[in-house]
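One structure is given here, and the rest of the page talks about it.
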Amino acid sequence: MHSNLPADLQSLICCPSCRSSLEQRPNGYRCSACKKEFPVVRGVLRFVESSQYADSFGYQWQKFSKTQLRPQTSEWDFRTKTALTEEDLRGKVVLDVGCGMGRFADIATRWGARVIGIDLSAAAEVAASNLVNRDFWAFQADVFALPFVAGSFDCIYSVGVLHHTPDCEGAFKSLPQYVKPGGTIAVWLYSGYNAWYRFSDQYRKLTHRIPVEKLHALLRLVVPFLYRVDRGLRAVPLIGRLLAGLVHHVFPVNLSGNHELRILDTLDWYSPKYQSKHTYEQVFRWFESCGLEGLTVADESVGVRGRKRASAQNDRPQRRHRDSLDEPDALSQAAQRPVGDASWQEGRASRLPRPRLVS
């Protein structure tokens with residue numbers, strides 16, 4: 001596995017504690033100032049000693065290590081949630097915040113990017129294994145204490161991850177410093193516009209406390225049962241769909257995709273300790289407070305992309321719709337978009353949002 005960074009990428013890393021440069025050692029790196037050691041273990045450079053609140057994601061991606069390695073589906077999800085294109089990433093140095101098992105880093109490297117993926121959990125090991133022959137390097141690191149020099153990356157993206165941290169806003173605001181002037185940052189977060197997830201939020205107060213192995217075993221029974229109930233009710237004339245929708249509203253699990261995807265997505269939904277939801281109003285304020293401009297609304301809520309100013313000018317960031325429509329406010333356009341999360345509640349084709357944590 002990729003255990004050694006190329007020389008040009010080595011210049012981007014530093015001690016996450018004292019921000020001093022790192023010296024390469026036989027089995028990793030050492031801080032030149034505080035002498036803290038950062039070993040490479042199983043192909044992953046480790047900047048944290050534990051996965052803290054992200055243990056469930058380490059288990060999840062080790063169990064479902066290749067379930068989401070479906071390039072066509074992943075590429076569509078990546079485009080619609082980040083508004084990034086192949087032209088945006090080709091030849092660029094990119095940071096994947098919360099790489100999980102490497103689903104979106106797979107797309108970014110296919111598009112010609114050189115990608116460093118960070119994850120707080122042991123999922124980083126799975127990503128390193130899945131993308132062993134790519135321009136990809138996996139770090140186990142904390143989004144709140146990243147081991148990078150300021151202005152290191154052409155692009156930073158995070159898809160379905162920051163809302164699984166204790167402070168989503170703080171996690172986002174820690175990222176722009178690592179983007180080069182003129183570089184891009186894109187995030188996708190769970191939508192706060194619909195109330196369909198209220199029951200699941202109540203259940204999660206209990207389910208996140210269940211050991212993830214036991215929760216997985218429980219869901220292997222519950223999800224197929226509710227799937228059969230849903231299919232049976234929908235066959236009832238006249239009131240079947242209404243009854244199925246009611247059951248699904250009270251007991252939300254993923255009902256789309258194949259059996260493995262239904263289990264994975266439901267485990268992904270109920271196992272995290274933290275899971276916040278957000279609006280465009282919130283996320284636009286975060287981008288603007290960090291001096292990001294050219295805000296672009298992605299096709300799926302809530303996805304926003306912005307650009308770091310190429311100069312030190314303090315002009316107010318200009319908002320724009322993804323399609324560059326001459327509307328006065330991209331935020332009003334975003335509010336009119338259908339919210340993707342709601343379709344999961346209704347049991348239609350779109351799947352439950354799938355977080356990959358730094359968590």
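The values are calculated or read from the model by the stated rules, or taken from the named source; none is laboratory data. Bear in mind that the values here come from a model prediction, so they are computed numbers and not experimental data. Using ideal geometry, Cβ is built from the backbone for each residue, glycine included, and neighbour counts are taken over all protein chains shown.
For the reader, a short list of remarks on this structure follows.
- Q68 being polar (S, T, N, Q) and touching a helix residue (DSSP H, G or I) at 6+ places or on another chain (Cβ under 6 Å): yes
- Residue in the stretch 235-243 that is part of a helix (DSSP H, G or I), exposed (fewer than 15 other Cβ atoms within 10 Å of the Cβ) and touching a residue at least 24 places away in the same chain (Cβ under 8 Å) present: no
- From S191, S200, S256, residue being modelled with pLDDT under 95 and touching a Phe, Trp or Tyr at 6+ places or on another chain (Cβ under 7 Å): S200
- Taking (1) surrounded by fewer than 23 Cβ atoms within 10 Å (Cβ to Cβ); (2) assigned to a helix (DSSP H, G or I) in turn, F104 satisfies each apart from (1).
- Options A235, A244: the member that is of a type in the set (G, A, S), in contact with a Leu (Cβ under 9 Å, 6 or more places away or on another chain) and more than 23 Å from D154 (Cα to Cα): A244
- Single residue of the stretch 37-96 satisfying the filter (assigned to a strand (DSSP E or B) and charged (D, E, K, R)) that is surrounded by the fewest Cβ atoms within 10 Å (Cβ to Cβ): E37
- The condition of being among the charged types (D, E, K, R) and either at pLDDT 55 or above or surrounded by 15 or more Cβ atoms within 10 Å (Cβ to Cβ) (or both) does not hold for R316.
- Considering only residues in the stretch 149-182 that are buried (at least 23 other Cβ atoms within 10 Å of the Cβ) and more than 16 Å from C99 (Cα to Cα), the one that is farthest from the chain's Cα centre (by Cα) turns out to be V179.
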